[in-house]
């Protein structure tokens, strides 16, 4: 698992939150803050907790979720949706194995670029202090085993998701696959 | 996108809101409840109107100016001068109407400036314009009900304006007067219109809200107190009194104008009536058609979300989370493992992707931005040196 | 916010509450606190029970400014009702400020996820 030579923080930001276009280059890297990368989405509500988990697994030190001001989402509710998902108030939620200290959510309007940069810098210091992230699947599955055993904590959706054969995105999945794995993925 | 709106106006609005957030925080920022403010005033109007209705008498009799004369004007006078708090309730009713027009206009302005009226939001815009016209008309009938000299002038001006309409004019004027001349029937017709139309507003509001999930209709209590307090302070600062009682044998010629509701009468008095109707209808249609270009020739057309039916388990999360009521759960075909499947109504879809964020089964996608691509982009960024 | 500022705000808030509590009945009595203006039941209570309430005739002059303003602007009767409306409006504004001052702690531009133990 490749770990960057510097701590990387991925920002998942929506198109209408704080305007970072003046400080971001074409590849999505923020010039002022080394290690900070930006991925743009139409709405912060599009963020799947899966994406945050993928970022952590791939070696990111932290993830910043940025949306519009609470109450002013351009698409009405997107920022409240992702906020509720992150806080565990709404399915789907973040897996228990994700280190909650490495996730920060900001709700900033378009003119608040400077506020974003100052919060991002502070967050990068914080995650540097937390040490190297441990994205290795072995560690994750060891932590996941006791978590998985508490089956009654999970919602039916999460149980169904766990029952689904876990395949990574680059292996083609039989489009006819059903949840109980009757026609499993072709490896 | 903000590109089609004068950028300066948008920037200014955002700065003002940023300043407001600094003082009262986003939880109490009235700009973020701009649609709920007129809704609050509507409840105030219903309640104060109900209280006034208890004592209002819709007749115009003034043939006998005796001490026991009972008509609309004297009943309003009775409410104002005798009933405890009557003057205050009357003032609240009148100023809540003005406040509702102000808050509706501010609401419409913010919707326009923040670009929330196009494409999938066009029904909200058009119903909003229609609702504004209905509110203006309801307010005008309120001015007729007092039956002072201003009411008489307004009624006569309205009748002459209606008569000018081609084909339907005289018929509508007769409907409006409930006859061919001003009688007691006229005033009870005005009362019926005033109350009936104001409840019809609720139907219009349903249309206005129907394509939004969980519409924000109630400001937080702190804002409600301020809204109510504004009315109470204005009632003290500008007490309301009626003009002289109307006498249909007289022809009064001037009146105090309330610009929020009575501006059409100013227009009527200063231009030819045909020009007046053309201007009124023309401006209304033009404003209603503002979202039209975006429906057919949008700069960035929405590519609606698509459900991957083979992966959908019918968990309903996308349907519950969609902010625009664009996802409906339909019964799954026979033989399916699941009871429900999601379907997207593409003309309601905004392309926001909240459904994508809600789906734990990768069963819904925005065609122009697959979540697998986003995840791949995230991974590439995290892994690169 | 320091504790002293909080205490000062509480004291100010309490004084404002007391002031409005006194102003509202005064306004309802038509801005005239003389014994004759009190409601019947209060006069009866004062006369027939051991509870001898004082006459507030001294506050009758306080509403002179408001009375003249209202009359100048066309208000005829029930001037106390208008005064009550004003005082109630101010009380509501004070209440809203109080609520927002307490509630603004909860509003957020930044969410840090709670770490479950």
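The values are calculated or read from the model by the stated rules, or taken from the named source; none is laboratory data. Every value quoted in this text rests on a predicted model; they were computed, and no experiment measured them. Glycine also receives a Cβ, built like all others from the backbone with ideal geometry; neighbour counts cover every protein chain displayed.
When restricted to residues that are in contact with a helix residue (DSSP H, G or I) (Cβ under 7 Å, 6 or more places away or on another chain), surrounded by fewer than 23 Cβ atoms within 10 Å (Cβ to Cβ) and within 10 Å of chain B (Cβ to nearest Cβ), the range A:82-104 contains 4.
Residues checked against (1) crowded, with 24+ Cβ neighbours inside 10 Å; (2) over 25 Å from residue A:109 (Cβ atoms):
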| position | (1), (2) |
| --- | --- |
| A:8 | yes, yes |
| A:14 | yes, no |
| A:17 | yes, no |
| A:43 | yes, no |
| A:49 | no, no |
| A:67 | yes, no |
| A:71 | no, no |
| A:75 | yes, no |
| A:80 | no, no |
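Looking across the range B:78-105, the residues that are more than 21 Å from residue B:140 (Cβ to Cβ), out of contact with any helix residue (DSSP H, G or I) (no Cβ under 7 Å at 6 or more places or on another chain) and touching a residue at least 12 places away in the same chain (Cβ under 8 Å) come down to B:78, B:83. Taking the range A:83-114, which residues are farther than 14 Å from residue A:11 by Cα and in a helix (DSSP H, G or I)? A:83, A:84, A:85, A:86, A:87, A:100, A:101, A:114 - these are the residues of the range A:83-114 that are farther than 14 Å from residue A:11 by Cα and in a helix (DSSP H, G or I).
If I filter the range A:63-75 for residues that are over 17 Å from the mean Cα position of the chain (by Cα), over 27 Å from residue B:349 (Cβ atoms) and modelled with pLDDT under 95, do I get at least one hit? Checked the range A:63-75: no residue is over 17 Å from the mean Cα position of the chain (by Cα), over 27 Å from residue B:349 (Cβ atoms) and modelled with pLDDT under 95. Does the range B:155-163 contain at least one residue that is at positive phi and over 18 Å from the mean Cα position of the chain (by Cα)? The answer is no; no qualifying residue exists. Applying the set (1) at the interface with chain A (Cβ under 9 Å from one of its Cβ atoms); (2) in a strand (DSSP E or B) to residue B:356 leaves exactly one unmet item: (2). The single condition from (1) under 30 Å from residue A:18 (Cα atoms); (2) facing chain B (nearest Cβ under 7 Å) that residue C:88 fails is (1). On the stretch given as the range C:100-117, residues that are modelled with pLDDT of 80 or more, assigned to a loop (DSSP other than H, G, I, E, B) and within 30 Å of residue B:226 (Cβ to Cβ) total 2.
Restricting attention to the range B:279-335, the residues being assigned by TED's automatic domain parsing to the domain that holds residue B:349 and under 30 Å from residue B:164 (Cα atoms) number 0. Taking the criterion of being without any contact (Cβ under 8 Å) to a residue 60 or more places away in the chain, part of a helix (DSSP H, G or I) and over 19 Å from residue B:143 (Cβ atoms), the residues of the range B:250-289 that qualify are B:275, B:278, B:279, B:281, B:282, B:283, B:285, B:286.
The rows are residues; the columns are (1) crowded, with 18+ Cβ neighbours inside 10 Å; (2) closer than 26 Å to residue B:133 by Cα; (3) modelled with pLDDT of 95 or more; (4) within 7 Å of chain C (Cβ to nearest Cβ).
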position	(1), (2), (3), (4)
B:202	no, yes, yes, no
B:205	yes, yes, yes, no
B:208	yes, yes, yes, no
B:213	no, yes, no, no
B:222	yes, no, no, yes
B:227	yes, yes, yes, no
B:231	yes, yes, yes, no
B:239	yes, no, no, yes
B:242	yes, yes, no, no
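Where residues in the range B:25-37 are within 11 Å of chain C (Cβ to nearest Cβ) and surrounded by 21 or more Cβ atoms within 10 Å (Cβ to Cβ), which of them is nearest to residue C:102 (Cα to Cα)? By that ranking, first place goes to B:28. Which one is surrounded by the fewest Cβ atoms within 10 Å (Cβ to Cβ), of the residues in the range B:310-336 that are at the interface with chain A (Cβ under 10 Å from one of its Cβ atoms) and more than 15 Å from residue A:78 (Cα to Cα)? Top of the filtered list is B:310. Out of the residues in the range A:19-41 meeting the condition of being surrounded by 20 or more Cβ atoms within 10 Å (Cβ to Cβ) and free of Cβ contacts under 8 Å to residues at least 40 places away in the same chain, tell me which one is farthest from residue A:77 (Cα to Cα). Within the range A:19-41, the match that is farthest from residue A:77 (Cα to Cα) is A:37. Report yes if some residue within the range B:59-73 is over 30 Å from residue B:249 (Cβ atoms) and part of a helix (DSSP H, G or I); otherwise report no. Among the residues of the range B:59-73, not one is over 30 Å from residue B:249 (Cβ atoms) and part of a helix (DSSP H, G or I), which makes the answer no.
The requirement of being free of Cβ contacts under 8 Å to residues at least 40 places away in the same chain, in a helix (DSSP H, G or I) and farther than 30 Å from residue B:249 by Cα is fulfilled somewhere in the range B:184-201, by at least one residue.
Inside the range B:342-353, residues that are more than 13 Å from every other protein chain (Cβ to nearest Cβ) and buried (at least 17 other Cβ atoms within 10 Å of the Cβ) make up a count of 2.
From the list B:102, B:79, B:83, B:92, the one residue that fits, being modelled with pLDDT of 95 or more, assigned by TED's automatic domain parsing to the domain that holds residue B:19 and more than 22 Å from residue B:12 (Cβ to Cβ), is B:92. Going through (1) over 18 Å from the mean Cα position of the chain (by Cα); (2) in a helix (DSSP H, G or I) one by one, residue C:77 falls short only on (2). Scanning the range C:20-37 for residues being assigned to a loop (DSSP other than H, G, I, E, B) and closer than 26 Å to residue C:92 by Cβ gives a total of 5.
Just one of (1) at pLDDT 90 or above; (2) touching a helix residue (DSSP H, G or I) at 6+ places or on another chain (Cβ under 8 Å); (3) loosely packed, with under 13 Cβ neighbours inside 10 Å fails for residue B:286. It is (2). Would the range A:114-123 turn up any residue that is in contact with a strand residue (DSSP E or B) (Cβ under 6 Å, 6 or more places away or on another chain), at the interface with chain B (Cβ under 10 Å from one of its Cβ atoms), surrounded by 21 or more Cβ atoms within 10 Å (Cβ to Cβ) and in contact (Cβ under 8 Å) with a residue 12 or more places away in the chain? Taking every residue of the range A:114-123 in turn, none turns out to be in contact with a strand residue (DSSP E or B) (Cβ under 6 Å, 6 or more places away or on another chain), at the interface with chain B (Cβ under 10 Å from one of its Cβ atoms), surrounded by 21 or more Cβ atoms within 10 Å (Cβ to Cβ) and in contact (Cβ under 8 Å) with a residue 12 or more places away in the chain. Inspect all residues belonging to the range A:148-156 and state whether any of them is surrounded by fewer than 17 Cβ atoms within 10 Å (Cβ to Cβ), at pLDDT 50 or above and within 14 Å of chain C (Cβ to nearest Cβ). No, the range A:148-156 contains no residue that is surrounded by fewer than 17 Cβ atoms within 10 Å (Cβ to Cβ), at pLDDT 50 or above and within 14 Å of chain C (Cβ to nearest Cβ).
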